[in-house]
Every structure is written in structure tokens, then in C-alpha cells.
1. Taking square-rooted eigenvalues a ≥ b ≥ c of the alpha carbon gyration tensor, is the stretch 44-178 rounded, prolate or oblate, where a/c under 1.5 means rounded and, failing that, a/b exceeding b/c means prolate?
2. What value, in deg cm²/dmol to 500, does the helix sum -39500 (n - 2.57) over DSSP H runs of n ≥ 4 give at 222 nm once divided by the residues of the chain?
3. What does the highest-first list of 143-151, 109-117, 195-203 look like by mean Cβ count within 10 Å?
4. Can you check what the Kirkwood hydrodynamic radius comes to for the stretch 107-152, Cα pairs only, in Å to one decimal?
5. Can you run the Rg to Rh ratio on the stretch 1-118? Use alpha carbon positions and the Kirkwood inverse-distance Rh.
6. How high is the FRET efficiency from residue 60 to residue 141, r the C-beta distance, R0 30 Å, rounded to 0.05?
7. Shape call for the stretch 147-217 from the C-alpha gyration tensor, a ≥ b ≥ c root eigenvalues: rounded (a/c under 1.5), prolate (a/b greater than b/c) or oblate?
8. Determine, for 24, 58, the number of other Cβ atoms within 10 Å of each Cβ, and report the residues in order from fewest to most.
Ligand code: B16
Ligand code: MG
């Protein structure tokens, strides 16, 4: 039976994926590298360092470590400029309601994000207290699709992966959840998130009870 939910942040709870894309796009443009929204799917859920490495690989560019660090910092500065202007309305439709309903059902709630900015964003949205554990980019060493982020969440919540549902918008994240033995809900399009057990376009399209019923079936 299902006892708890672990949520990814970007693209599930909050619409920051577009800010990541804008910041990476700007950086890639500066380096003379062209990349599309389709290629950007491969950056979702992937750490900052690995994302930059992928972009450089696409452009067949090599950077020194110090230049690499500078570019990562630059991307994060641009990203944070967008984030700081973000308001409550940047929470994705239905996300807050879904979290609150889950809490009312006494489900355990965790966060499993690759982002080092996760706490800042939860604070800006004023939803930090809803989470029993927050596993983010500051505590994981292996990027999704490695299951580390979710396994650490399960450990912190003292629950087995099979009784936890992971909500993810990224290909890498769904793969990570599957590898870890978690149940999965994809947030996005069925054509991209083929391996998720349930796919909905957003948390406003399903309720916690419906998720549990469909997965227990
Ligand atoms: P940061 P998630 C991920 O967050 C994003 O999807 C990904 O695009 C980003 O590169 C990564 O966080 C690292 O973020 O640069 O803020 O540390 O989807 O796992 O919540
Ligand atoms: Mg995500």
C-alpha cells in the first residue's frame, strides 16, 4: 500500500523549468552553441555541472575547470534573477492544493530535487513546512537517473520505496524512481514520459486519492 509521496520540484510543483531553460539558452548562445527545447528535455532533473557538460559536448567545446566554474556561477546568477521575480502564481496549477490534500490524508511528504536552490524556492512559495524531508542538490552526489535522491528520501522517511510514489516531470527522474523501486507519476506528456505508471499534464488533473486508487488497482 501507498504511504507517502516524494515530489520533484522543478516542473512538478513550480514552473522554474522555463527559467533553467532561459538561463542555459543564454549561456549556450554566448558560447555559440545552439540548443533547442527538445534537447533541453535531457537537462531536466540533471545537476548544474552535468547540464553544462552536456551543452559543451553538444557544441564540442572544452573549458578549463576555472572557466567551467565561472559559467556555472553565471548560469545560476541568471536563474536566480528569474527566481527572485517569481511570485506565488509561479506554483504550478493544482500543486499547492495537491500537497495540502496529501497532508490531510496523513500521507508522508518528501522532496527529491536535484536543485541546490530547492529550499529557497519552497520558502518563496511558503510551503516548506509541508515537507517531512527535503533531499536536494546540496546533499546528493549522484545525479538522476541514479536513484540516490529518492533512496535518501525513503531512508529519511523510514519507508520502503514500493510504498512511496515519486512525482516527476523529467525522463531522468522517472528512470531514477523506477531504478529505486518506487511507484511513479509522470507530470508532462505521455510521449516523453513513456515509462511512468500514470502520466498527467499537471497536479490539477488528478487528486491524491485517485493516484492511490489507480496504483493500488
Ligand atoms: P540548480 P529538479 C533540477 O531540479 C532541474 O530540473 C534541472 O534543470 C537543474 O539543472 C537541477 O535541478 C539543478 O538545479 O542549478 O538549481 O542546482 O527537477 O530535480 O527539482
Ligand atoms: Mg523536475
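1. Cα axes put the stretch 44-178 in the oblate bin.
2. Working: 9 runs with 95 residues, N = 217.
That comes out to -13000 deg cm²/dmol.
3. Details: 143-151: 22.2, 109-117: 24.0, 195-203: 18.8.
By packing density, highest mean first, the sequence is 109-117, 143-151, 195-203.
4. 10.9 Å
5. Details: Rg = 16.5 Å, Rh = 15.7 Å.
Ratio of gyration radius to Kirkwood radius: 1.05.
6. Values: r = 27 Å, r/R0 = 0.92.
About 0.65, to the nearest 0.05.
7. Because a/c hits 1.5 or more and a/b fails to exceed b/c, the stretch 147-217 counts as oblate.
8. Ranking 24, 58 by Cβ neighbours within 10 Å, fewest first, gives 58, 24.
Any read-out appearing in this document is the output of simple, stated calculations on the displayed coordinates, not a laboratory observation. Every value quoted in this text rests on a predicted model; they were computed, and no experiment measured them. Heads up, the Cβs are rebuilt from the backbone with ideal geometry, glycines too, and the neighbour counts pull from every protein chain shown.
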